[in-house]
Amino acid sequence: MKLKNISLTQLSVNSANDRHGELADEHAAIEWLLTHRAAHMRNLTKDIVAEGRVYEPPLVHEDGMRYVVYDGNRRTTCLKLLAEPQKAPSTEWADYFAARRTEWKGKFPDRVQCHVESDRDTLDEILYRRHTGQQSGVGQSQWDAAAKSNFVRRTGKKTRVNLAEEIELRLRDAGHIATGIPRSNMNRLLSAEAFRNRVGISIVNNRVEYTHETGKVTAALARIANDLVLKRVVLEDIWNNKGKRAYLDKLEKDGVLPTAVDALPQNKDFKKTKPIPKPPEKDTPAPSVPAPEARTTLIRNIDYGLVPQAHTQRATDIWKELQFRLKFGDHDNAIAVLFRVLLEFSVENYISRRKLTTVHVNDKLSKKFHKVLDDMLIANTLEKKYLNGLKKFEQTEPLVSANTLNAYVHHKDFFPSDHHLKSMWDTLSGFIVACIKA
């Protein structure tokens, strides 16, 4: 372990911290911490001022002339804003840090002792073993479900099936490669369903399945394996989601990745017929089945394959609130309003990314919704049957008209129904995910 005293001005709060996923820049990361961890940040600032130091050196990685913080972003934010309160994102926070600065005893430090780690894998292993205690914000703040999900998506950890090992076996059987794939890098590259789907595979029930024509997928995986083996692509290139997307975009441009034309009508590979269970004996009582837990959130707690990106930051924040924080019974009105906002942001993202010329500035959401459906049908973005189903469903149950989501937002006598909202989400979820991924 290398310890080094680093200037506060050289430390950079990580804009791709696993707490929140990828944000636009350091300023956005600081604002996120102060918004979503306000009480913790105040408590931690008071503790640092009272003690006159931080007890654990921030974990950093050198990046050019700066050092990006991978653990200790809260501590670093507190120190940077104590040093320069005027750089806080609001007047309230600037006043708070200025007041705490006056309480500092002695000379305020301009350098911080940091743990400098050059090896990316070691960084992840350190992060993996931390974040277990909160202590009201004084200790390390424990990752919530969303942060853990971001970490797993970025690193590929805690996936029961060893995807890289499975890929190596399949490539060997197909005669493409013998052995020697850097497995940790392969798992990192294909850590999220969004990335796996672009290559033409998916993990379903802990099994690897092809989503596209087998020969095309195998050729794409062989190209990726060769790039990793020959070190044309190294850990630094695919360290974060931005690097992964850039590499896959290049493969897509080169015609390596499978396209919509290669998609299989259904995933037939690797499925086995389940044995027919024996009927229970007459005297044997049927086993009791525990009742399933009630669904308390709008968005089910499953991985939809979304990867945090800067241009969908607001939509991603709303998604996390609807999936992890807002509960039916306590936040029904907030859920209804944010559902409508998420749908609108998703549609706007699709229109922007696809550069749809059919959409006009004065179009209402319902019209934009239909135009996006039309474009998805042409682009074969989703199954035709599903998209046509949305069109038919919208005719009898207007999803984005004043009778439903719009009324939830604007009508004082139209009260949200959790059953109705859940049904609408289950109907629209595939469409919304496709819009955000566009």
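The values are calculated or read from the model by the stated rules, or taken from the named source; none is laboratory data. Note that this is a predicted model, so its numbers are computed, not measured. All Cβ positions, glycine included, derive from the backbone under ideal geometry; neighbour counts span all protein chains shown.
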Can you name every residue in the range 297-306 that is of a type in the set (S, T, N, Q) and either at pLDDT 90 or above or in the same structural domain as V204 (by TED's automatic domain parsing) (or both)?
T297
Of (1) over 22 Å from Q10 (Cα atoms); (2) among the β-branched types (V, I, T); (3) modelled with pLDDT of 90 or more, V60 satisfies all except one. Which?
(1)
With (1) modelled with pLDDT of 95 or more; (2) surrounded by fewer than 18 Cβ atoms within 10 Å (Cβ to Cβ) as the list, and K2 as the residue in question, which single condition is left unmet?
(1)
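The rows are residues; the columns are (1) among the hydrophobic types (A, V, I, L, M, F, W, C); (2) not assigned by TED's automatic domain parsing to the domain that holds E125; (3) not in a helix (DSSP H, G or I).
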{"residue": "Y55", "(1), (2), (3)": "no, no, yes"}
{"residue": "V60", "(1), (2), (3)": "yes, no, yes"}
{"residue": "Y67", "(1), (2), (3)": "no, no, yes"}
{"residue": "Y70", "(1), (2), (3)": "no, no, yes"}
{"residue": "L82", "(1), (2), (3)": "yes, no, no"}
{"residue": "Q86", "(1), (2), (3)": "no, no, no"}
{"residue": "W93", "(1), (2), (3)": "yes, no, no"}
{"residue": "A99", "(1), (2), (3)": "yes, no, no"}
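This table checks each residue for (1) surrounded by fewer than 19 Cβ atoms within 10 Å (Cβ to Cβ); (2) modelled with pLDDT of 90 or more; (3) touching a Leu at 6+ places or on another chain (Cβ under 7 Å); (4) farther than 25 Å from S15 by Cβ.
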residue	(1), (2), (3), (4)
A194	no, no, yes, no
R198	no, yes, yes, no
N206	yes, no, no, yes
E209	yes, yes, no, yes
T214	yes, yes, no, yes
V234	yes, yes, no, no
E252	yes, yes, no, yes
G255	yes, yes, no, yes
Search result, residues across the range 180-239 that are touching a residue at least 12 places away in the same chain (Cβ under 8 Å), of a type in the set (G, A, S) and not in a loop (DSSP other than H, G, I, E, B):
S184, A194, S202, A219, A220, A222, A225
With the requirement that a residue be crowded, with 19+ Cβ neighbours inside 10 Å and in contact (Cβ under 8 Å) with a residue 24 or more places away in the chain, what does the range 346-359 give you?
S346, V347, N349, Y350
Do the conditions hold for T35, that is, is it under 23 Å from H61 (Cα atoms) and surrounded by fewer than 16 Cβ atoms within 10 Å (Cβ to Cβ)?
no
Can you say whether R120 is surrounded by 15 or more Cβ atoms within 10 Å (Cβ to Cβ), within 23 Å of E62 (Cα to Cα) and modelled with pLDDT under 70, as far as the supplied structure shows?
no
Listed residues A336, A315; which is assigned by TED's automatic domain parsing to the domain that holds T427, surrounded by 15 or more Cβ atoms within 10 Å (Cβ to Cβ), touching a Pro at 6+ places or on another chain (Cβ under 7 Å) and touching a residue at least 24 places away in the same chain (Cβ under 8 Å)?
A336
Just checking: which of the helices (runs of 4 or more DSSP H) contained wholly in the range 307-425 hold 2 or more residues that are at pLDDT below 85 and farther than 30 Å from W239 by Cα?
365-379, 384-396, 405-410
